[in-house]
Amino acid sequence: MEDFLSTLRELEETGSAAIRGAGDPAELEQVRVEYLGRKARLTLLLRSVGELPPERRRPAGAEANRVKKRLLELLEARAAELAAAVAEGRAESDATLPGRERWRGARHPCTLVTDEICEIFKELGFVRARGPEAESVWYNFIALNTPLDHPAVDEQDTFYLGSDVVLRTHTSPVQARVMEKWPPPVRILVPGVVYRRDPFDASHAPAFEQIEGLAVDEGISFVDFKASINYFVRRFFGEDVVTRFRPSFFPFTEPSAEVDVSCTICHGKGCSACKGTGWIEIMGAGMVDPAVFDNVGYDSERYTGFAFGMGVGRIAMQRYRIPDIRLLYESDVRFLAQFERA
Ligand code: PHE
């Protein structure tokens with residue numbers, strides 16, 4: 001019996017030391033086989049309990065099982081430590097292995113598209129401007145020639161913070177803020193998040209990114225407007241893409257247009273992305289309504305200009321062939337990593 005117990009003690013000591021000393025998973029596996037495998041001394045000892053005198057079997061068996069359990073626990077803990085070390089790249093590694101690639105993150109597809117659009121318009125002399133997301137009713141609606149009883153207000157407004165402040169429903173209020181502050185000429189591009197009374201479905205989100213554009217100067221005509229938009233569309237979508245201006249209405253532009261581009265996926269033949277029409281709507285736009293100039297103190301007899309607003313998510317969907325806008329709002333790195341590698 002003394003022999004039995006002292007062998008157990010020895011195995012417990014040397015076994016735990018060997019487990020602690022294992023430097024990598026392969027070494028640990030060797031230790032496991034040596035101390036707990038089918039032919040290990042501890043295993044054989046456990047099997048021999050039955051050969052002991054009857055009164056000694058119970059205490060000997062209990063002690064042997066305790067040692068086995070302890071070694072198993074140590075083994076499991078060490079395995080977890082080694083796995084963590086491997087994950088953090090701390091493990092001693094084979095110098096001939098290729099380096100581990102580490103993903104350092106990537107820009108969101110909406111950010112990529114925003115930057116690209118801003119770069120293209122920069123070539124036409126546009127600079128970036130910003131404005132607040134919590135906006136006054138004056139800038140969001142009234143300054144933009146949108147009386148509060150206009151149907152567009154009911155369709156768009158979402159959260160009021162107090163009676164006079166609303167989460168902006170578009171980036172257009174920044175037009176008014178900039179014009180109030182700076183004399184013409186103005187050429188700005190305004191990226192930012194806007195909030196709408198919209199459902200969250202495959203092509204709508206209640207909060208989304210827009211880019212607003214505004215150009216004001218003496219003598220800006222509808223031709224300048226169309227040519228600038230066409231230039232942008234060709235640079236962004238490709239030389240073979242066709243632009244279409246459809247008459248539309250916005251309270252702050254006159255005349256107004258919806259701008260469509262020929263579907264980049266089916267090239268105008270009709271597919272599910274363009275709902276069979278061959279066209280994708282990319283922006284609302286038009287010539288700035290003189291009433292807006294009057295509201296911000298510009299001389300509406302002297303100055304003209306054009307403005308446009310586009311949904312960045314929808315453009316990113318076209319560019320990267322993303323089938324559902326909701327994917328843009330999931331923080332799944334496997335999705336995000338597809339668009340840019342650092
Ligand atoms: N603000 C409009 C919208 O969000 C888009 C727009 C901007 C239309 C500028 C005309 C001019 O729908």
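The values are calculated or read from the model by the stated rules, or taken from the named source; none is laboratory data. In this text the structure is predicted, and so the values were computed from the model without any measurement. Cβ: placed from backbone, ideal geometry, glycine included. Neighbour counts: every protein chain shown. What goes into the accessible areas is simple: the full protein's heavy atoms, side chains included, and nothing from ligands, DNA or RNA. Shrake-Rupley method; radii C 1.70, N 1.55, O 1.52, S 1.80 Å.
Quick notes on this one:
- Taking the protein heavy atoms of region 2-87 in the context of the full set of protein chains, the accessible area attributed to carbon and sulfur is 53 percent at 1.4 Å.
- Protein-only accessible surface order, largest first, of Ile265, Ile211 at 1.4 Å: Ile265, Ile211
- Free-standing Cys, the chain [no other Cys Cβ under 4.7 Å]: Cys110, Cys118
- Think of a 1.4 Å ball rolled over the protein heavy atoms: the chain then has 55 Å² of accessible area per residue.
- For region 109-336, projected area of the alpha-carbon convex hull averaged over all directions, nm²: 12.4 nm²
- Shown here for region 28-102: trypsin sites (Lys or Arg not before Pro) in loop regions (DSSP other than H, G, I, E, B) with at most 11 other Cβ atoms within 10 Å, namely Arg38, Lys39, Arg90, Arg100, Arg102.
- Fraction of accessible area attributable to carbon and sulfur, region 174-231 (%, probe 1.4 Å): 56 percent
- The chain: calculated mean residue ellipticity at 222 nm from DSSP helix runs of at least 4, using -39500 (n - 2.57): -12500 deg cm²/dmol
- Pairs of Cα atoms in region 223-312 fall into 5 Å distance bins, from 0 up to the last occupied one, in shares of 3, 14, 21, 20, 16, 11, 7, 4, 3, 0 percent.
- For a straight C-alpha distance cut-off of 28 angstrom, the lysines reachable from Lys122 (same-chain residues fewer than eight places away being disregarded) are Lys181, Lys226.
- Cα gyration tensor shape for region 2-87, rounded if a/c is under 1.5, else prolate or oblate: prolate
- GluC sites (Glu not before Pro) restricted to DSSP loop in region 45-117 with at most 13 other C-beta within 10 Å: Glu88, Glu92, Glu101
- Listed by chain and number, the lysines whose alpha-carbon sits under 30 Å from that of Lys69, ignoring those within fewer than 8 places in the same chain, are Lys39.
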